[in-house]
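The structure appears below as structure tokens.
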Amino acid sequence: MVAAFSAEELVGATFPSGAHLALVEVDTDTGNVDVLEYVAVDDAGLILNHYLAGAQVHGILTQGLSQALYEEIVYDENGQLVTGTRLDYAIPTAERIPHFVTEAVETPSPVNPLGAKGIAEGGCTGGPPAIVNGVINALAHLGVKALDMPLIPEKIWQTVQAARAGMLDSADPVRRAGRLKSRATTSSNKAGQP
């Protein structure tokens, strides 16, 4: 499905932007991921209250980190939700939150009188890929090219073990998808033959 918008529909629309970088450390013996430092530069247009904007940025960066490393909705084999309470659903504690280095760029939006854009979404859009890409980069020497969120220690440990055993194809979603696609293509070609 492709979304299309007319110029009339975009009147008044704003588009904040930013860049995010995560410096991570991966313990390959346990699968634990530590975010050592996180840098975020966001352009939210004209910022009226820098204190409140900074607080929103720190909160949403924590949310993005939580999405990348902890949050997972898990069901048992019968379809019963097993992560339905705060006791079962992982979120980061204060000690797991890294030092955030943040900077605001103020490029006023031309489409509204205040020149403002959004500020509270950047950590959820830039955060998870920054953290996931940092972990993939840390594991690149093992041949890891992709990982699915959340990057819980068990998943990282299993991926490392698979890589060390030469069985990364079964643990790598990109390779697995490519293999399934080629099988489907082969099957459909065979099905069309007399």
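The values are calculated or read from the model by the stated rules, or taken from the named source; none is laboratory data. None of these values were measured; they are calculated from a predicted model. When we count neighbours, we look across all protein chains shown, and the Cβ atoms used for this are built from the backbone with ideal geometry, even at glycine.
Looking only at residues in segment 40-65 that are of a type in the set (Val, Ile, Thr), surrounded by 18 or more Cβ atoms within 10 Å (Cβ to Cβ) and under 17 Å from the mean Cα position of the chain (by Cα), which one is nearest to residue 133 (Cα to Cα)?
62
What number goes with the only condition from (1) outside any loop (DSSP other than H, G, I, E, B); (2) at pLDDT 95 or above that residue 175 does not pass?
For residue 175, the exception is condition (2).
Being aliphatic (A, V, I, L, M), modelled with pLDDT of 85 or more and surrounded by 14 or more Cβ atoms within 10 Å (Cβ to Cβ) is the filter here; which residues of segment 76-99 pass it?
Selection gives 97 alone.
Is it the case that some residue within segment 66-75 is at pLDDT 90 or above, farther than 18 Å from residue 36 by Cα and exposed (fewer than 13 other Cβ atoms within 10 Å of the Cβ)?
Yes, the conditions are met somewhere in segment 66-75.
Tally time: how many residues in segment 1-51 are at pLDDT 95 or above, part of a loop (DSSP other than H, G, I, E, B) and either touching an Asp or Glu at 6+ places or on another chain (Cβ under 8 Å) or acidic (Asp, Glu) (or both)?
The total comes to 3.
Taking into account only those residues within segment 117-142 that are touching a Phe, Trp or Tyr at 6+ places or on another chain (Cβ under 9 Å) and part of a loop (DSSP other than H, G, I, E, B), which is surrounded by the fewest Cβ atoms within 10 Å (Cβ to Cβ)?
Out of the qualifying residues, it is 118.
Could you list, in sequence order, the residues of segment 33-70 that are aliphatic (A, V, I, L, M) and within 15 Å of residue 22 (Cβ to Cβ)?
33, 35, 36, 39, 40, 41, 57, 60, 61, 65, 68, 69
Only residues in segment 74-90 that are over 19 Å from residue 63 (Cβ atoms) count as the first member; pair them with residues that are part of a loop (DSSP other than H, G, I, E, B) and polar (S, T, N, Q), Cβ under 9 angstrom, at least 6 apart or cross-chain, and list the lot.
Cβ pairs passing all conditions: 74/83; 75/83.
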